[in-house]
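Visitor: One structure, pasted below without further comment.
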Amino acid sequence: RDRYVRVPTSMSEAEARALYSAQYGQERFVRLMPAGQIASIAHVANTNMCAISVTLAQPGLLIVVSCLDNLVKGASGQAVQNMNVMFGLEESSGLV
């Protein structure tokens, strides 16, 4: 899903990517794509992963793309992940 995000015109792509990395870098099922690579279904097919790409389109405007495999990460995979967290199990149990 594409999103356009307004940011301060002084923010660089590297700074924006650092913010996303700080937020999602330790999440097991989130993959921040390398600079210059756009997230696509090919990055997440048959997995419980969410791929995110961050691109500075112009000063002050980020394009954020996130992709997930709706058959795995959709309702069923997310339900298993949520149940694991709720019952104090390893978040990835039954998913990897």
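Each value in this text was obtained by applying a stated rule to the coordinates, not by laboratory testing. Everything quoted here is computed from the prediction, not taken from an experiment. Heads up, the Cβs are rebuilt from the backbone with ideal geometry, glycines too, and the neighbour counts pull from every protein chain shown.
Visitor: Hey, how many Å between the Cα centroid of region 55-69 and the Cα centroid of region 20-48?
Guide: Spelled out, the Cα-based centre of one part sits 13 Å from the other.
Visitor: If I model a spin label as a point 7 Å beyond the Cα along the Cα-Cβ vector, how far apart are those points for A45 and V7 in nm?
Guide: Here the modelled spin labels are 3.0 nm apart.
Visitor: Same structure again: Computed FRET efficiency, Cβ-Cβ of S76 and A18, R0 30 Å: what is it to the nearest 0.05?
Guide: 0.35
Visitor: In the neighborhood of N82, defined by Cβ-to-Cβ distances under 13 Å, what is the net charge if each Lys or Arg adds +1 and each Asp or Glu adds -1? List each step's numbers first, then the result.
Guide: Details: positive: K73; negative: E91.
Here the count lands on 0.
Visitor: Please work out how much length the chain gains when fully extended from N84 to S66, using 0.36 nm per residue of separation minus the C-alpha to C-alpha distance, in nm with one decimal.
Guide: 4.1 nm
Visitor: Next up: Using the crude model of +1 on Lys and Arg Cβ and -1 on Asp and Glu Cβ, and no other charge, please compute the dipole size for the chain relative to its Cα centre, in debye to 20. Write out the running numbers ahead of the final one.
Guide: Working: 7 positive and 7 negative charges, 35 e Å.
In debye, rounded to 20, the chain gives about 160.
Visitor: Ok, one more. Sum up the charges of everything whose Cβ sits under 15 Å from the Cβ of L19, counting Lys and Arg as +1 and Asp and Glu as -1, but leave L19 out.
Guide: Values: positive: R3, R6, R17; negative: E13, E15, E27.
Charge balance near L19 sits at 0.
Visitor: Only bridges with both residues in region 30-96 count here: give the DSSP antiparallel percent, nearest 5. Don't skip to the end; give the middle numbers.
Guide: On the way: 8 of 11 bridges.
The antiparallel proportion sits near 75 percent.
Visitor: Could you calculate the contour length gain from S92 to Q37, that is, 0.36 nm times the residue separation minus the distance between their Cα atoms, to one decimal place in nm? Show your work: numbers first, answer last.
Guide: Numbers: separation 55, 0.36 × 55 = 19.80 nm, distance 2.60 nm.
Difference between extended and current length: 17.2 nm.
Visitor: Hey, another quick one. Any idea what log10 I(q)/I(0) is at q = 0.11 Å⁻¹ for the chain, Debye with uniform C-alpha scatterers and no solvent?
Guide: At q = 0.11 Å⁻¹ the computed log10 ratios are -0.37.
Visitor: If you fit an axis through the alpha-carbon atoms of helix 75-86 and take the longest principal axis of the Cα set of the chain, what angle between them do you get, 0 to 90°, nearest 10?
Guide: 80 degrees
Visitor: What angle, in degrees between 0 and 90 and rounded to the nearest 10, separates the Cα long axis of helix 13-24 from the longest principal axis of the Cα atoms of the chain?
Guide: The helix 13-24 is inclined about 20 degrees to the chain.
Visitor: Next question. Mind telling me which of S76, S40, S53 comes out most flexible in a GNM of the chain, alpha-carbon contacts under 10 Å?
Guide: Evaluated over the chain, the most mobile residue of the options is S76.
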